[in-house]
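Worksheet: the structure to be examined is printed underneath.
Please treat every number below as a calculation from the coordinates, not as lab data. Computed from a prediction, not measured in an experiment: that's the story for all the values here. So basically every Cβ, Gly included, is an ideal-geometry build from the backbone, and we count neighbours across all protein chains shown.
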Amino acid sequence: MTQEQLHTTIQSEAEAAGFSGTVLVKSGTQAAASGAYGYADKANTRPNRPDTRYGNASGSKLFTAIAVCQLVEQGRLALDSKVMNILEQSEFPQFSTDITVHHLLTHSSGIPDYFDEETMDDFASLWATRPMYQVRELKDFLPMFQKLPMKFTPGTRFHYNNAGYILLGLLVEKLGGMAFTDVVEQYVFKASGMADSGYFTLDALPANTAHGYIVKEDGTWTTNIYSIPVKGGADGGAFVTAPDMLLLWEGLLQHKLLGPELTALLLTPHIHEDKEEYYGYGVWITKRGGGVYKYHVMGYDPGVSFHSAYYPASGIATAVLCNHSRGAYRMMRAIEDCLDSYTDI
């Protein structure tokens, strides 16, 4: 599989699927394939570009995990710290006092989620009775889950949990002395060279940012402005470009963000999700043949689909950013099918 063949495959798949977004594949520091398709602004037919900003939904959990591990590295927090000893226990009357930072990072805390993927499948329904435009800070999520009962004893199983990452963000704010989004923008994005990424509000998006679109089967569409919180936070919702996302992997793996020990711990398969999938700290880990096939992050919201991965055996990194609710997964699968048979990329 040559670079030209990979590029042709990506282009053919994008056309067949009606993909709207940006794709970037790099081998080391060299771009192996890239492309931008569809519209960032459908009404004004403004096309997506290689450097367009897109929401990445839960892909942002990796940023949160890095910020938490930076506090650990600085000695201001420990992975076995009891969360309720740092936050106000009275605000979470039914939460276990045994919940640790490690539990939150690995989705094994047992706390209730404000959007429980085991029982809910329509994220937009959360905002039917509450104004999404008022959800601008981490504390604005608390009334949605803080007084609900625990789901299970901390540490006994994996249960993907957005609320757990909200609590991690609150820890970052309390110990870091500044807004969570400011911490990530300064100590994760800036430190990685991610100059075009940030936590932007839907009602004040900067230039060169793609609107998210919910496309119906008949081809009609609406934007996602009433279907997701107006500003992202610790559980997801940052805006990134494809080049910036690959700078994040580079910054992490070259220890620009964390030292070797904390980096290795973040990328450790701490908890088993299924026979091949594990979870580290803010990152999914796929194993094949007893070794790590890829480290990857993903995110899905109404009007957002996102995948990005690093493949340690080859040193290849990929980013697929899409401003439709679906599209990133299919494109990522097509790329991986090519990479699994590559010869000179």
Quick note, the range 148-226: a/c under 1.5 would make it rounded; otherwise a/b > b/c is prolate and the rest oblate (a ≥ b ≥ c, C-alpha gyration tensor); here it is oblate
Compare the peptides 224-232, 259-267, 330-338 by average per-residue count of other Cβ atoms within 10 angstrom and give them in order, highest first. 224-232, 330-338, 259-267
From DSSP H assignment alone, runs of 4+ in the chain each adding -39500 (n - 2.57), the sum over residues rounded to the nearest 500 puts [θ] at 222 nm at -7500 deg cm²/dmol
Spacing of the two label points (7 Å from each Cα toward its C-beta) at Glu277 and Tyr329, in nm: 0.8 nm
Starting from the Cα of Lys174, move 7 Å in the Cα-to-Cβ direction to define the label point; list residues of the range 50-74 whose amide nitrogen is under 19 Å from there. 64-74
Can you give me the C-alpha center-to-center distance between the range 1-61 and the range 249-307, rounded to a whole angstrom? 22 Å
Taking 0.36 nm per intervening residue step and subtracting the Cα-Cα distance, what contour gain separates Gln134 from Lys151 on full extension? 3.4 nm
Principal axes of the chain: Cα extent on each, largest first, Å: 58, 45, 35
If I model a spin label at Ala195 and Arg46 as a point 7 Å from the Cα along the Cα→Cβ vector, what separation in nanometres do I get? 2.0 nm
What pairs from Lys26/Lys61; Lys147/Lys275; Lys26/Lys256; Lys26/Lys190 go past 30 Å between their alpha carbons? Lys147/Lys275
With every atom except the alpha carbons ignored, what do you get for Rg and Dmax of the range 115-273, in angstroms? 17.5, 51
Computed FRET value (nearest 0.05) for Glu88 with Trp221, which takes r as the C-beta separation and R₀ as 45 Å: 0.55
